[in-house]
Structure formats: structure tokens, C-alpha cells
Amino acid sequence: MNEVKMTIWGREFNLKVDFDVYGGEEVSASQHAALSEFVSNVSSLDATLPSVKAYCLKMNGEDIGAATIDNIFKYVIPQSIYIPKWPDGSRMIGLMCAYKFNREDGLAVVFKNGQFHEIGTQNIIL
């Protein structure tokens, strides 16, 4: 599966799926499980919207120039799903996004074992 179609925060996206594997290595069962769980549980992802808005306001509130964010897509655009391989078999997944205020490092919404875990630059999961 190289791409999935998902509705995120009320907008439909075609997201590239990137499994972290070495050349010739198979995608692990936990990586497949993480993707299936993520795609089928859109409500958990939608529930992160207030946290993503809060992150943007905390990190770049002065640049935004407002106390609230009405349209998250002015600042954050989901682009891909990244699924690393964890030695302990944890099901980690990151929604990798372009971020207006950090074009180099972007933004990642990270889930661990099906639960929202954290938001930060994409470096937190890479």
C-alpha cells in the first residue's frame, strides 16, 4: 500500500505511506497493524485537532496574530504517514505534515499503540 485516502480534520487527503524498512527487508506485522489501526480509527485522529491548534498557537502565536485558529489548513497540511520499525514491537505511526512556520522540519502527529502520543517536529519520530 503506497497511498491511502483519508479524511483528516474534515478534509480529504491522499497520503503517501512510508514504512521504515531497509532494502530487501519486509514490513513487520506491527507496522501493518499500526497502519490498519490508524486508517480505521479516524475519530482518534480528528480528536487531535485541538492539540494541533494549541501546538501552533504555543509555538507561533505571535506569527498567527490571533488567540484562536479557525482554519488549521492555513498552517498545517497532512502529507504522508510514516511508520517506523520499533524493536519492542510498538505500533508507532506519524502523520507527517507540512508546517508553515517550520518548512524544514515540518510537524508530526504521533500515535503509539493506537493512542495519541505527541506533537512536534518530524524529528520526534524519524
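The values are calculated or read from the model by the stated rules, or taken from the named source; none is laboratory data. All values derive from a computational prediction rather than experimental measurement. In this analysis, Cβ positions are derived from the backbone assuming ideal geometry, glycine residues included, and neighbour counts consider all displayed protein chains.
Being farther than 20 Å from ILE125 by Cα and polar (S, T, N, Q) narrows it down to one residue among ASN102, ASN2, ASN71; which is it? Don't jump to the end; show me each part of the working.
Working: ASN102 fails: farther than 20 Å from ILE125 by Cα; ASN2 fails: farther than 20 Å from ILE125 by Cα.
After ruling out the rest, the residue left standing is ASN71.
Report, by residue number, each residue of segment 77-100 that is of a type in the set (Val, Ile, Thr) and closer than 24 Å to ASN113 by Cβ. Spell out the reasoning first.
First pass over segment 77-100, keeping only residues of a type in the set (Val, Ile, Thr): 77, 81, 83, 93.
Passing the criteria: ILE81, ILE83, ILE93.
Go through (1) under 12 Å from the mean Cα position of the chain (by Cα); (2) within 21 Å of ASN2 (Cα to Cα); (3) at pLDDT below 95 one by one and return the number of the condition SER80 breaks.
So SER80 meets the others, but not (3).
Exactly one condition in (1) touching a Lys or Arg at 6+ places or on another chain (Cβ under 9 Å); (2) at pLDDT 95 or above; (3) in a helix (DSSP H, G or I) is false for SER51; which is it?
Tallying (1) touching a Lys or Arg at 6+ places or on another chain (Cβ under 9 Å); (2) at pLDDT 95 or above; (3) in a helix (DSSP H, G or I), SER51 fails exactly one: (1).
Taking segment 34-48 on its own, how many of its residues are loosely packed, with under 14 Cβ neighbours inside 10 Å and assigned to a helix (DSSP H, G or I)?
5
All but one of (1) touching a strand residue (DSSP E or B) at 6+ places or on another chain (Cβ under 8 Å); (2) within 22 Å of ASN2 (Cα to Cα) hold for SER40; which doesn't?
For SER40, the failing item is (1).
Restricting attention to segment 6-29, does a residue exist that is out of contact with any helix residue (DSSP H, G or I) (no Cβ under 9 Å at 6 or more places or on another chain), part of a helix (DSSP H, G or I), surrounded by 11 or more Cβ atoms within 10 Å (Cβ to Cβ) and at pLDDT below 90?
no
Every residue in segment 70-97 that is among the hydroxyl-bearing types (Ser, Thr, Tyr) and either part of a helix (DSSP H, G or I) or farther than 18 Å from ALA54 by Cα (or both), please. Can you show your working first?
Residues of segment 70-97 among the hydroxyl-bearing types (Ser, Thr, Tyr): 75, 80, 82, 90.
Hits for segment 70-97 are SER80, TYR82, SER90.
What pairs come out if I take residues in segment 22-46 that are in contact (Cβ under 8 Å) with a residue 40 or more places away in the chain and of a type in the set (A, V, I, L, M, F, W, C) and pair them with residues that are part of a loop (DSSP other than H, G, I, E, B) and loosely packed, with under 14 Cβ neighbours inside 10 Å whose C-beta lies under 8 Å away, six or more apart or interchain?
LEU35/MET1
Out of everything in segment 98-116 that is part of a strand (DSSP E or B) and without any contact (Cβ under 8 Å) to a residue 24 or more places away in the chain, what residue ends up being surrounded by the most Cβ atoms within 10 Å (Cβ to Cβ)?
The extreme case among them is VAL110.
Among the residues of segment 67-89 satisfying the criterion of being aliphatic (A, V, I, L, M) and in contact with a strand residue (DSSP E or B) (Cβ under 8 Å, 6 or more places away or on another chain), which is surrounded by the most Cβ atoms within 10 Å (Cβ to Cβ)?
VAL76
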